[in-house]
1. Ala227 versus (1) closer than 24 Å to Gln100 by Cα; (2) among the small types (Gly, Ala, Ser); (3) in contact with a strand residue (DSSP E or B) (Cβ under 7 Å, 6 or more places away or on another chain): which is the lone unmet condition?
2. Of the numbered conditions (1) modelled with pLDDT of 95 or more; (2) farther than 19 Å from Phe132 by Cα, Lys42 satisfies every one except a single condition; which is it?
3. Inspect the stretch 225-245 for any residue being touching an Asp or Glu at 6+ places or on another chain (Cβ under 9 Å), assigned to a strand (DSSP E or B) and in contact (Cβ under 8 Å) with a residue 24 or more places away in the chain and give the result as yes or no.
4. For the stretch 175-187, does any single residue satisfy the condition of being touching a Pro at 6+ places or on another chain (Cβ under 7 Å), at pLDDT below 65, of a type outside the set (A, V, I, L, M, F, W, C) and surrounded by 15 or more Cβ atoms within 10 Å (Cβ to Cβ)?
5. Looking at Lys79, Lys106, Lys89 in this structure, which one is more than 30 Å from Asp179 (Cα to Cα), of a type in the set (Lys, Arg) and not in a helix (DSSP H, G or I)?
6. Within the stretch 44-76, count every residue that is surrounded by 14 or more Cβ atoms within 10 Å (Cβ to Cβ) and either in a strand (DSSP E or B) or touching a helix residue (DSSP H, G or I) at 6+ places or on another chain (Cβ under 9 Å) (or both).
7. I need the full set of residues from the stretch 60-84 which are among the aliphatic types (A, V, I, L, M) and either touching a residue at least 12 places away in the same chain (Cβ under 8 Å) or outside the structural domain of Asn33 (by TED's automatic domain parsing) (or both), in order please.
8. Is there a residue being surrounded by 11 or more Cβ atoms within 10 Å (Cβ to Cβ), on the phi > 0 side of the Ramachandran plot, outside any helix (DSSP H, G or I) and in contact with a Leu (Cβ under 9 Å, 6 or more places away or on another chain) anywhere in the stretch 4-14?
Amino acid sequence: MALELIYTNADGLTVTLRQRKPFWLNKLDGIGNISNIIHTFKAPDQDGAFLIGSTLDTREITIEGTILADSPEHALLYKNELLRLFSPKQTGTLVVNGLQIGCVVKDIILSASTKQRIPNFHIILLCPSPFFEALHDLREELAQWEKLFQFQLSIPSDTGVQLGARQPSQILTVINAGDVETGMEVVFSALGAVVNPELLNIGNGAYIRVNTTMQAGQEMHVYTGFAQKHVTSVLSGNITNAFSLLDVGSTFLQLSTGTNTLRYDAADGLEQLEVTLYYRPRFLGAG
């Protein structure tokens, strides 16, 4: 597969680097390796050490290439464009092999050759989170309506026709295809009055419960991602902080790698409750 990457900065400016003019990509390092930091404790006179745990380090991605221009004047224009795109003052997003990762420019070096029209560029991106993510959220619906009609539609005058049926099961299996666990956005939607909506992980007994009576048309959004944990209520277009409504025994559920079995429930009004999950699988590398 030919080398290709897409970088987008915080202003929305985008550049594609590949083996093509004017920005010829020569080398891309750091997308397939990761560093693990081991935490240990050593007691006096102890042989070896106790393993406490480990955490993944930040990721550095190195980009090397050449600016191919027809003249020194064009080369200068391309150099300035590259500096503007890879501004160290802005965060950005790098897309490689259909996966994305957030980053910031650590170093950018533009060196000129003796001909002054084929300068080389060397860029180092620092990724605070080492994980690559899917480009878009995946959606899973735990409670939904199944369509039972199709066109051409004929409705008997005496018996009518059933337009839809609510799925009978409260249980859904969600498969996280990523390499590590990931957070999610849980959306409780009320078609009518719903009391204390809940989502339970059957595998470990952990749950999310919002202690409130929801009105028709109201949504409760629970975000469980790292450094993104919060709860909001949406009603008639108004968004309010609802963190205080979270049950004290609740856990900000994560989707573990592989199969996750989840069940939704409510203290009352279960038939009026719809539950939708949004999540992005995370990966240790992109190639």
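The values are calculated or read from the model by the stated rules, or taken from the named source; none is laboratory data. None of these values were measured; they are calculated from a predicted model. Here the Cβ positions follow ideal geometry from the backbone for every residue, glycine too, while neighbour counts run over all protein chains shown.
1. It is condition (3) that Ala227 fails.
2. For Lys42, the failing item is (1).
3. Checked against the condition, which is being touching an Asp or Glu at 6+ places or on another chain (Cβ under 9 Å), assigned to a strand (DSSP E or B) and in contact (Cβ under 8 Å) with a residue 24 or more places away in the chain, the stretch 225-245 yields no hits at all.
4. We begin by selecting, within the stretch 175-187, every residue touching a Pro at 6+ places or on another chain (Cβ under 7 Å); these are 176-178, 182.
The next check asks that each one be at pLDDT below 65; those that pass are none.
Scanning the stretch 175-187, I find no residue that is touching a Pro at 6+ places or on another chain (Cβ under 7 Å), at pLDDT below 65, of a type outside the set (A, V, I, L, M, F, W, C) and surrounded by 15 or more Cβ atoms within 10 Å (Cβ to Cβ), so the answer is no.
5. Of Lys79, Lys106, Lys89, the one residue that is more than 30 Å from Asp179 (Cα to Cα), of a type in the set (Lys, Arg) and not in a helix (DSSP H, G or I) is Lys89.
6. 12
7. Ile61, Ile63, Ile67, Leu68, Ala69, Ala75, Leu82, Leu83
8. The first filter runs over the stretch 4-14 and keeps only residues surrounded by 11 or more Cβ atoms within 10 Å (Cβ to Cβ), leaving 4-11, 13-14.
So of that shortlist, the ones also on the phi > 0 side of the Ramachandran plot come out as none.
No, the stretch 4-14 contains no residue that is surrounded by 11 or more Cβ atoms within 10 Å (Cβ to Cβ), on the phi > 0 side of the Ramachandran plot, outside any helix (DSSP H, G or I) and in contact with a Leu (Cβ under 9 Å, 6 or more places away or on another chain).
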